[in-house]
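Have a look at the structure below before the remarks.
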Amino acid sequence: MVDYNETVKEIRLRYVGTRFDEARMPVDVLPDLPAFRDLLAALVKDEWRRENARRQRLPKGFDRSFTFDLRSIGEGSAIPMIEWNRNIAQESLLGMADYLESLAEVAMTRLLDIVDGSGNDRMPRSLPSDAIRALNKFGSSLRDGERIEFQGSSDDQNNVVYLDAERRKRLITHVKETYNVRVEGVGKLHGTSLGTGGSYGSIEIDTTSYGIIEVQVDREEVAQIYDGNIEALVQFDLTLELDHHENFRGVQSVHEVDLVDEANATALTDIMRRITEISSMQDGWLDGDGEAISPRSVEMARKFVMRTLTLVGSMLAFPSPEGSVTIQIRNEGYSGSIDFEPCGAVEFVAIGRNEPFETDGSYNGVETSLIVAVTKIFGQDRR
């Protein structure tokens, strides 16, 4: 975790390298200062939008209020000291200077964490587009062996946070405004459309996490499967485009989408509701004992249920004192338990109640081999 022990009222950037000895600032480096201002301002705006999600626009004068002045160049390696002009902020945003300063402090810590993460395999998945543009300019003149240190900062090893050419390259080549993620889940059918021609129509799925999303589906499937089933449960496996706030931006790929069988719909709703109840259990839930349920365990349990829908009517979900979620299955004379541990491991044990049988195994997450093992015992193969 990065610490920042100073304020945005005065920020010191220490340029390290022979070009910067005796407080020299080559003129080709000077564009770094407005680029740094733009980078920090972009993150300040992002923090404001995060805290004021219902407002469509920034307050008038917001950008102008975030103005910095170059006050001096410190001795030794060149240390430009830039100061936030609070007076301009007070004039531009009456009564909001304190709030802007608090946002800037959060944004500065976030910026330092981004820079530190670039050197420790901890990259952000995405950044605002204006932050990416500013990052393309900030530090662009750095040469091999040179770096910019953020005075007053420290990483978890108590070293000053710095940006060099290599870290900058990693960031620029890694971050984007959006990123793709594969998502499996269940939502309700919200609407259908046959389209205006061609072989594809679409359906709208009302999801819990991403709102209403539109998915392209074969036109005949829309007419034969989905029309007339509004509010029915739909199982989906999609690659989604999300922004840095996890907001839905579009569907990139459709891997699978289908109506949930009516026989399984009620059981699916019940077990998902039970897993949600389990997820809220905090430390001490078991008469003073019992660890808080791990979000990772909850995520894996939900994913497992989605990949074994034909068995959902035989499932029950329970919390464990160690903070994991356990799914129990009983079907056709066999019983088993699948424990989703907080560390990401999965333990599967099954026994036969009416005939000699016992098996167990360890898995790394909800991998295909786990699904095969479970369905082989409890699925069609045993009926």
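The values are calculated or read from the model by the stated rules, or taken from the named source; none is laboratory data. All figures in this text were calculated on a predicted structure; none of them were measured in a lab. Don't worry about glycine lacking a Cβ; one is built from the backbone with ideal geometry, like all the others, and counts go over all protein chains shown. Each accessible area value is taken on the protein alone, full model and side chains, heavy atoms only, with ligands, DNA and RNA left out. Shrake-Rupley method; radii C 1.70, N 1.55, O 1.52, S 1.80 Å.
Quick notes on this one:
- Members of region 141-163 that are of a type in the set (A, V, I, L, M, F, W, C) and surrounded by fewer than 17 Cβ atoms within 10 Å (Cβ to Cβ): Val160
- Being more than 17 Å from Val260 (Cβ to Cβ), part of a helix (DSSP H, G or I) and open to solvent by 50 Å² or more (accessible area, probe 1.4 Å) is a condition met by no residue of region 202-216.
- Total residues in region 304-327, condition aliphatic (A, V, I, L, M), open to solvent by 40 Å² or more (accessible area, probe 1.4 Å) and touching a residue at least 60 places away in the same chain (Cβ under 8 Å): 0
- Test: Gly379 is on the phi < 0 side of the Ramachandran plot, modelled with pLDDT under 90 and of a type outside the set (Val, Ile, Thr): yes
- Taking region 226-241 as the range and being open to solvent by 60 Å² or more (accessible area, probe 1.4 Å) and among the hydrophobic types (A, V, I, L, M, F, W, C) as the test, only Ile230 passes.
- Complete set of residues in region 1-34 that are among the hydrophobic types (A, V, I, L, M, F, W, C), touching a residue at least 60 places away in the same chain (Cβ under 8 Å) and surrounded by fewer than 18 Cβ atoms within 10 Å (Cβ to Cβ): Met1
Table: residues versus (1) under 17 Å from Glu6 (Cβ atoms); (2) of a type outside the set (S, T, N, Q); (3) touching a helix residue (DSSP H, G or I) at 6+ places or on another chain (Cβ under 7 Å).
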residue	(1), (2), (3)
Phe20	no, yes, no
Ala42	no, yes, yes
Arg55	no, yes, no
Leu58	no, yes, yes
Ile73	no, yes, yes
Glu83	yes, yes, no
Arg86	yes, yes, yes
Met96	no, yes, no
Tyr99	no, yes, no
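- Meets criteria (open to solvent by 20 Å² or more (accessible area, probe 1.4 Å), in contact (Cβ under 8 Å) with a residue 24 or more places away in the chain and under 16 Å from Asp270 (Cβ atoms)) for Arg330: no
- Among residues of region 49-73, those that are under 27 Å from Asn247 (Cβ atoms) and surrounded by 18 or more Cβ atoms within 10 Å (Cβ to Cβ), counted: 3
- Taken over region 100-136, residues that are in contact with a Leu (Cβ under 8 Å, 6 or more places away or on another chain), assigned to a helix (DSSP H, G or I) and either closer than 15 Å to Arg37 by Cβ or open to solvent by 30 Å² or more (accessible area, probe 1.4 Å) (or both) amount to 9.
- Per-region count, region 242-275, residues open to solvent by 70 Å² or more (accessible area, probe 1.4 Å) and part of a helix (DSSP H, G or I): 6
- Flag for Ser153 being touching a residue at least 12 places away in the same chain (Cβ under 8 Å), small (Gly, Ala, Ser) and farther than 13 Å from Asp116 by Cβ: no
- Residue within region 320-330 that is assigned to a strand (DSSP E or B), hydroxyl-bearing (Ser, Thr, Tyr) and under 23 Å from Val186 (Cα atoms) present: yes
- Output for region 337-370, where each listed residue is open to solvent by less than 70 Å² (accessible area, probe 1.4 Å), out of contact with any Phe, Trp or Tyr (no Cβ under 9 Å at 6 or more places or on another chain) and farther than 14 Å from Thr326 by Cα: Glu367
- Per-region count, region 27-77, residues in contact with a Pro (Cβ under 7 Å, 6 or more places away or on another chain) and more than 18 Å from Val175 (Cβ to Cβ): 3
- Pairs are defined by a Cβ separation below 7 Å, a sequence spacing of at least 6 or placement on different chains, a first member in region 164-191 that is buried (at least 20 other Cβ atoms within 10 Å of the Cβ), and a second member that is outside any helix (DSSP H, G or I) and basic (Lys, Arg); the pairs so defined are Asp164/Arg147.
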